Amino acid sequence: MYMLADIPFDLKSETLMEQLRIAPGTEDAIQFQEMLRKAQEIARPKAAFAECFVDGKGVDTIKIGGFTFTSRMLRKNLESVERVFPFIATCGHEIDEKIPVEDDFLQEYWKDTIKASLLGSASKFLAKHIDQKFRLGKTATMSPGSGDATVWHIEQQRELFALLGNVKQAIGVRLTDSCLMIPNKTVSGIRFATEKDFRTCQVCHRKDCPSRTAPFDKQLWAALEHE
Ligand code: SF4
């Protein structure tokens, strides 16, 4: 497992305040600036990844590094792929540990927004690092539990974490019994080289999702159902 612990980030006060609709000069602005100052000081966004090879392919399964992943979409995406990069990127555990906000929903929301920004920095840095280090060219990712539940079951986080090794020790991310990741602003998945423009949103029925990056693809969905 490779680990990236020194990830640069820039918490842009103006952008975040605009996003949170905090008016400059108010009491909220003063409190938020203080939270941001602390976060800038203590935050350590991190990432971990591995270079792995596909050991075998079934009808809708793919075996990587001895672990079997069941997802027809993943299997389809890895049809002609032999090397993959399981990864985890996180905002880091420092913010939750050192900026407590007990029973204050507003401050919890501010904190989550700061953590999301840190996760964004970690994700971008990791993607660029993998693509450059291994000269991947065009890439795509898939994550257990992302998109429609049936596309790739969230329970397969267990195999993904096991494939990477001791993630908790390396970057402080742990998996709950219900397969949620702690800290909450953490993403995991498998990155791979591809010529196709795949995004999980293409096989996600969720309506009015503010984070959608591609429209639902009826043809791709139908192909998955009838394969
Ligand atoms: S549409 Fe939204 S929920 Fe569905 S995969 Fe895309 S970002 Fe995730």
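The values are calculated or read from the model by the stated rules, or taken from the named source; none is laboratory data. These numbers were taken from a predicted model, which means no experiment stands behind them. All Cβ positions, even for glycine, are placed from backbone atoms using ideal geometry, and neighbour counts span all protein chains on display. Only protein heavy atoms, including side chains, enter the accessible area calculation; ligands, DNA and RNA are left aside. Shrake-Rupley method; radii C 1.70, N 1.55, O 1.52, S 1.80 Å.
Just one residue in the set T70, T15, T61 is of a type in the set (S, T, Y) and out of contact with any helix residue (DSSP H, G or I) (no Cβ under 8 Å at 6 or more places or on another chain); that residue is T15.
A quick yes/no check of all residues on (1) part of a strand (DSSP E or B); (2) at positive phi; (3) within 16 Å of the ligand (Cβ to nearest atom); (4) of a type outside the set (A, V, I, L, M):
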{"site": "S188", "(1), (2), (3), (4)": "yes, no, yes, yes"}
{"site": "E195", "(1), (2), (3), (4)": "no, no, no, yes"}
{"site": "C201", "(1), (2), (3), (4)": "no, no, yes, yes"}
{"site": "T213", "(1), (2), (3), (4)": "no, no, yes, yes"}
{"site": "Q219", "(1), (2), (3), (4)": "no, no, no, yes"}
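Within the range 97-111, if we keep just the residues that are buried (at least 18 other Cβ atoms within 10 Å of the Cβ) and modelled with pLDDT of 95 or more, the residue that is nearest to the chain's Cα centre (by Cα) turns out to be K111. Residues that are within 16 Å of the ligand (Cβ to nearest atom) and crowded, with 18+ Cβ neighbours inside 10 Å within the range 157-186 comprise Q157, M181, K185, T186, listed in sequence order. Residues that are under 14 Å from W152 (Cβ atoms), touching a residue at least 24 places away in the same chain (Cβ under 8 Å) and of a type outside the set (S, T, N, Q) within the range 61-87 comprise I64, F67, F69, R72, M73, L74, K76, L78, V84, P86, listed in sequence order. A single entry from F53, F32 fulfils the requirement of being outside any helix (DSSP H, G or I) and either among the aromatic types (F, W, Y) or under 30 Å from Q169 (Cα atoms) (or both): F53.
Can you name every residue in the range 55-84 that is open to solvent by less than 20 Å² (accessible area, probe 1.4 Å) and among the hydrophobic types (A, V, I, L, M, F, W, C)?
Answer for the range 55-84, where residues must be open to solvent by less than 20 Å² (accessible area, probe 1.4 Å) and among the hydrophobic types (A, V, I, L, M, F, W, C): I62, I64, F69, M73, L74, L78, V81, V84.
Pairing each residue of the range 160-174 that is farther than 18 Å from L119 by Cβ with any residue that is not in a helix (DSSP H, G or I), provided the two are 6+ apart or on different chains, yields C-beta distances under 6 Å for L163/G65; L163/F67; L163/P86; G165/M1.
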